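Computed from the coordinates by the stated procedures, all read-outs in this text should not be read as laboratory data. If you're wondering where the values come from, they're calculated on a predicted model, not measured in any experiment. Heads up, the Cβs are rebuilt from the backbone with ideal geometry, glycines too, and the neighbour counts pull from every protein chain shown.
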């Protein structure tokens, strides 16, 4: 995997230095921002492959920053990993609802942080697509994998990298029920107890964005989700 660029937004210098040291040792290129007010400008200049975002910044709300990133079509595809001391399920769901690709609670081990970042990087920037159809067209939904685009009834839909992967995973196996645990492993690259709600949150956000195509994502109560096959 080629060297990836990580933008670290963390106001505590000691923590920022620790994160940068471990990421650089793992082969990443890292840049630290100690404040968030000019984040969008730095993102456009640095062109990171992933943003590691502390939510409790002194000058601006990290959740608001994530919201602004997701509203900008040019920046929305950049994966965001939130880092925060707020570890309740409600806090995590709010972060995921706003478009975070992962949510890491302080205190964390540097090794876990690097592994989680590698998992996000590997699913968003796979070195090659194995057994993945590059163009899918089911009902009103069209996916173009090489261009990383989704259209519903011909209109472009702005998805995050994780939402795109989730839709592609379900759509490429129509009629097959996928458990939340299986989707966590395949789309997120890991499986941790208590993270099944992550899948529910992303499916809910995906349905909102798909509009007329939302009905094709079926919930199988007590099991998981599937993409409707009998079109």
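Relative contact order of segment 5-124, please, whole-number percent, based on alpha carbon pairs below 8 angstrom and at least 6 residues apart.
23 percent
If each DSSP helix of 4+ residues adds -39,500 (n - 2.57) and the sum is divided by the residues in the chain, what number results at 222 nm, nearest 500 deg cm²/dmol?
Helix-only estimate at 222 nm: -11000 deg cm²/dmol.
Please work out how much length the chain gains when fully extended from residue 149 to residue 229, using 0.36 nm per residue of separation minus the C-alpha to C-alpha distance, in nm with one decimal.
So the chain would gain 26.7 nm between residue 149 and residue 229.
Compute the helix-to-body angle for 62-71: its Cα long axis versus the longest principal axis of the chain, expressed 0 to 90° and rounded to tens.
The two axes meet at around 40 degrees.
How far is helix 110-124 tilted, in degrees, relative to the longest principal axis of the Cα atoms in the chain, given as a value from 0 to 90 rounded to the nearest 10?
Roughly 40 degrees, rounded to the nearest 10.
For a quick check, take a GNM of the chain with Cα springs below 10 Å and name the residue from 215, 142, 181 with the largest mean-square fluctuation.
215
Taking 0.36 nm per residue of sequence separation and subtracting the Cα-Cα distance, how much length would be gained by fully extending the chain between residue 218 and residue 119, in nm to one decimal?
Between residue 218 and residue 119, full extension yields 33.0 nm more.
Just report the Cα centroid separation between segment 36-83 and segment 157-175, whole Å.
23 Å
Just check segment 135-227 against the gyration tensor rule for me: Cα atoms, a ≥ b ≥ c as the square roots of the eigenvalues, rounded for a/c under 1.5, and otherwise prolate or oblate depending on whether a/b exceeds b/c.
Verdict is prolate for segment 135-227.
Below 8 Å, C-alpha to C-alpha, sequence gap of six or more: please give me the relative contact order for the chain in percent.
About 14 percent, as a whole number.
As a footprinting exposure proxy, order 201, 160, 41 by other Cβ within 10 Å, with the fewest listed first.
Fewest-to-most ranking of 201, 160, 41: 41, 201, 160.
If the elastic network links every pair of Cα atoms under 10 Å, which of 154, 99, 175 fluctuates the most in the Gaussian network model of the chain?
Ranking 154, 99, 175 by mean-square fluctuation puts 154 first.
With axes computed from alpha carbons, what is the tilt in degrees of helix 13-25 against the longest principal axis of the chain, rounded to the nearest 10 within 0 to 90?
60 degrees
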